[in-house]
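A short write-up of the structure that comes next.
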Amino acid sequence: MRFLLLLLFSTSVFSQNYPSRPIRLVVGFAPGGAADFVARTLSDPLARALGQPVVIDNRPGAGSSIAAEHVAKSPADGYTVLIASPSSILVNPLINKQSSFQPMKDLAPVSKVSSSPLVVAVNPGVSAMNLQELISFLKKNPGKLNYATSGNGSAPHLAAVLFTRVAGVEMVHVPYKGGAPAVQSVLSGDTQLSFATPPSVLPLVQAGRLRALAVTSRESTPLVPGVPGMAQAGLADYEISFWYGFFVPAGTPPAAIKRLYDETAQSLRLPEVSRALAKEGTETAGSSSPADFSAFLAEDAKLWTRLVKDSGAKFD
């Protein structure tokens, strides 16, 4: 009984005092990318809500595994938070069997924060003016088109794998060391298409330097105006989206996770946050609770596991 009372007292004191110093929000990519943009968009409203600075800590490398492992091995005190995508949480452990940690065991989910479709973008030299024409060309010319991605096991890679499986076509995968060089290869004609994040291709589509055939959500979205969803484009059985979420080290006190979740949910409801993310082709997508996010991850893992097996992706 005495131990229980002490535990309840210490938990109450922690809850009242947390946070008492700055919080680090760790990003597994260099400044300027999609993850960095989402993190910086949320850092200011989170700092106001928490009453402490939220400091962005960019730790790029190994497909964001370096950042994820760093957070997993940080003190479980609520002061180190990871923003992560399916690649670092669900995919990398499948393709890198030598990893010294397991994200689903060594990290605790807080909340999903954003979601967006990818854009099927082609070089203007490709004859296809819509997705059905692309599929028709690929069926007549299997393996004739090269698609660029930001690396083996990346969301663009696995989105393309799903496309080839659903559409019944063949393409050649050309992995690059990031989204920017992948898109540049499509621009130059070294490759012919990419399943790319909206921020990386929308300005180029608007300038007429790339052609957008579809977004990877089932329906069209105002985030990418004028571009059809997969159902409208004639491939109704295809759908995939790309999300970011917040994680903390496993063992972080529940009071800290609840406070982080509550303030994240509040920040995601702010109109200025929605507007900022929409400009980059993404939208707020909070979870109803940390448990809800955990259940979402368990279900989402089934899709990514199947795609990794289909792709034969190996660790670079």
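The values are calculated or read from the model by the stated rules, or taken from the named source; none is laboratory data. No experiment lies behind these values; they were computed from the predicted model shown. We place every Cβ from the backbone using ideal geometry, glycine too, and count neighbours over all the protein chains shown. Just the protein is used for accessible areas: all its heavy atoms, side chains included, with ligands, DNA and RNA removed. Shrake-Rupley method; radii C 1.70, N 1.55, O 1.52, S 1.80 Å.
Kindly indicate the residue of region 185-197 that is outside any loop (DSSP other than H, G, I, E, B) and at pLDDT 95 or above and also most open to solvent (accessible area, probe 1.4 Å) among those meeting that condition.
188
Does region 108-124 contain any residue that is assigned to a helix (DSSP H, G or I), surrounded by fewer than 22 Cβ atoms within 10 Å (Cβ to Cβ) and modelled with pLDDT under 95?
No, region 108-124 contains no residue that is assigned to a helix (DSSP H, G or I), surrounded by fewer than 22 Cβ atoms within 10 Å (Cβ to Cβ) and modelled with pLDDT under 95.
For region 22-35, which residues satisfy the criterion of being within 11 Å of residue 80 (Cα to Cα) and open to solvent by 10 Å² or more (accessible area, probe 1.4 Å)?
22, 24
Looking only at residues that are modelled with pLDDT of 95 or more and touching a helix residue (DSSP H, G or I) at 6+ places or on another chain (Cβ under 7 Å) in region 139-164, which one is farthest from residue 263 (Cα to Cα)?
Only one residue fits best here, namely 145.
Please enumerate the residues belonging to region 143-154 that are farther than 15 Å from residue 181 by Cα and open to solvent by less than 70 Å² (accessible area, probe 1.4 Å).
Hits for region 143-154 are 143, 145, 153.
Taking region 51-107 only, how many residues are among the polar types (S, T, N, Q), surrounded by fewer than 20 Cβ atoms within 10 Å (Cβ to Cβ) and at pLDDT 95 or above?
2
Condition check ((1) in contact with a helix residue (DSSP H, G or I) (Cβ under 7 Å, 6 or more places away or on another chain); (2) outside any helix (DSSP H, G or I); (3) open to solvent by 40 Å² or more (accessible area, probe 1.4 Å); (4) farther than 18 Å from residue 121 by Cα) across all residues:
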| position | (1), (2), (3), (4) |
| --- | --- |
| 199 | yes, no, yes, no |
| 202 | no, no, no, no |
| 212 | yes, yes, no, no |
| 246 | yes, yes, no, yes |
| 256 | no, no, no, yes |
| 261 | yes, no, no, yes |
| 276 | yes, no, no, yes |
| 291 | no, no, yes, yes |
| 307 | yes, no, no, yes |
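For residue 174, indicate whether it is open to solvent by 20 Å² or more (accessible area, probe 1.4 Å), β-branched (Val, Ile, Thr) and within 16 Å of residue 192 (Cα to Cα).
yes
Given the criteria open to solvent by 40 Å² or more (accessible area, probe 1.4 Å), outside any strand (DSSP E or B), touching a residue at least 24 places away in the same chain (Cβ under 8 Å) and more than 13 Å from residue 122 (Cβ to Cβ), does residue 161 qualify?
no
When you check residue 43 against the structure, is it modelled with pLDDT under 90 and either over 22 Å from the mean Cα position of the chain (by Cα) or surrounded by 17 or more Cβ atoms within 10 Å (Cβ to Cβ) (or both), yes or no?
Spelling it out, it is not the case that residue 43 is modelled with pLDDT under 90 and either over 22 Å from the mean Cα position of the chain (by Cα) or surrounded by 17 or more Cβ atoms within 10 Å (Cβ to Cβ) (or both).
Checking residue 235 against (1) out of contact with any Pro (no Cβ under 9 Å at 6 or more places or on another chain); (2) part of a loop (DSSP other than H, G, I, E, B); (3) open to solvent by 40 Å² or more (accessible area, probe 1.4 Å): exactly one of these is not met. Which one?
The one condition residue 235 does not meet is (3).
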